[in-house]
Amino acid sequence: NAGVTQTPKFQVLKTGQSMTLQCAQDMNHNSMYWYRQDPGMGLRLIYYSASEGTTDKGEVPNGYNVSRLNKREFSLRLESAAPSQTSVYFCASSRTEGQFFGPGTRLTVL
Amino acid sequence: EDQVTQSPEALRLQEGESSSLNCSYTVSGLRGLFWYRQDPGKGPEFLFTLYSAGEEKEKERLKATLTKKESFLHITAPKPEDSATYLCAVKKAAGNKLTFGGGTRVLVKP
């Protein structure tokens, strides 16, 4: 099992550009999550999906949209990137207790 | 408002020098407290889930304990490979979301 996979690993954008971060899990988990991790701020929840077809806002949703494409895949879209969105983004999935994280995407917005 | 505070922020240990990390929390209706290990450039790796006061869990040189207000992660006779950032997180009784602390960076010198 690959667990949780994320693409791309690194990305550099210019202010105003858009992009989609991809996440997939092969553990048959119902719930999936997107976090951002910034120095001194810890891990903060952006959006989550409790099950296929549902999504909910987390702590810091502004500037982001998500799509739960199917049970395996959960994507995060930045429509118009801003320097404040420079961060490391992690996707996670869980079935009951214990979230399992992907390797992360390091995003820089210039 | 739910809060999770970890201390100390950083810890330098000599190999074999046992120590404890603290995670204090304020949350209404705790459903679970989670410990993760994060290596540089990687996603958090799940270690333990604790559900009720008095519960303890062990994994190799790590032992996690839980009281009504805090959790401790004890590292017994640490080795250099135990160097990492240790994160704790709490889940409320309602919902799937985790609230993370800021983490403790542990460096074990040979």
(message) Restricting to the stretch A:51-108, name every residue that is touching a residue at least 60 places away in the same chain (Cβ under 8 Å), away from every other protein chain (no Cβ under 14 Å) and surrounded by fewer than 20 Cβ atoms within 10 Å (Cβ to Cβ).
(response) A:79, A:80, A:82, A:83, A:108
(request) List the strands (runs of 3 or more DSSP E) that sit entirely inside the stretch B:50-106 and contain at least 2 residues that are in contact (Cβ under 8 Å) with a residue 24 or more places away in the chain. (result) B:62-66, B:70-75, B:84-92, B:98-100
(message) Kindly evaluate residue A:4 against the criterion of being under 21 Å from residue B:96 (Cα atoms), surrounded by 19 or more Cβ atoms within 10 Å (Cβ to Cβ), β-branched (Val, Ile, Thr) and within 12 Å of chain B (Cβ to nearest Cβ).
(response) yes
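Residues in the stretch A:95-110 that are at positive phi and modelled with pLDDT under 95: how many?
If we filter the stretch A:95-110 for residues that are at positive phi, which is where we start, we get A:98, A:104.
Next cut, modelled with pLDDT under 95 only: A:98.
Result for the stretch A:95-110: 1.
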(message) Which numbered condition in (1) out of contact with any Gly (no Cβ under 7 Å at 6 or more places or on another chain); (2) among the aliphatic types (A, V, I, L, M); (3) over 21 Å from residue A:31 (Cβ atoms) is the only one that residue B:77 fails?
(response) (1)
(message) Any residue at all in the stretch A:17-24 that's within 10 Å of chain B (Cβ to nearest Cβ) and either surrounded by 14 or more Cβ atoms within 10 Å (Cβ to Cβ) or more than 12 Å from the chain's Cα centre (by Cα) (or both)?
(response) no
(request) Looking for whichever is within 14 Å of chain A (Cβ to nearest Cβ) and more than 22 Å from residue A:44 (Cβ to Cβ) here; the options are B:92, B:69, B:59. Which one fits? (result) B:59
(request) State which residue pairs qualify: first residue touching a residue at least 12 places away in the same chain (Cβ under 8 Å) and inside the stretch A:22-36, second residue in a strand (DSSP E or B) and charged (D, E, K, R) in any location, beta carbons under 6 Å apart, and separation of 6 or more residues or different chains. (result) A:24/A:73; A:36/A:44
(message) Here is a check on your reading of the model: is residue B:21 in contact with a Phe, Trp or Tyr (Cβ under 6 Å, 6 or more places away or on another chain), surrounded by 14 or more Cβ atoms within 10 Å (Cβ to Cβ), within 12 Å of another protein chain (Cβ to nearest Cβ) and at pLDDT 95 or above?
(response) no
(message) I'd like the full set of residues that are in a strand (DSSP E or B), more than 16 Å from residue A:84 (Cα to Cα) and at the interface with another protein chain (Cβ under 8 Å from one of its Cβ atoms), limited to the stretch A:34-50.
(response) A:48
(message) What pairs come out if I take residues in the stretch A:1-13 that are at pLDDT 95 or above and pair them with residues that are of a type in the set (Gly, Ala, Ser) whose C-beta lies under 7 Å away, six or more apart or interchain?
(response) A:4/A:92; A:4/A:93; A:4/A:102; A:5/A:24; A:5/A:102; A:6/A:102; A:6/A:104; A:13/A:81
(message) residue B:28 - would you say it is surrounded by 12 or more Cβ atoms within 10 Å (Cβ to Cβ) and touching a strand residue (DSSP E or B) at 6+ places or on another chain (Cβ under 8 Å)?
(response) no
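The values are calculated or read from the model by the stated rules, or taken from the named source; none is laboratory data. It should be emphasised that the depicted structure is a prediction, and the values quoted were computed from it without experimental measurement. Heads up, the Cβs are rebuilt from the backbone with ideal geometry, glycines too, and the neighbour counts pull from every protein chain shown.
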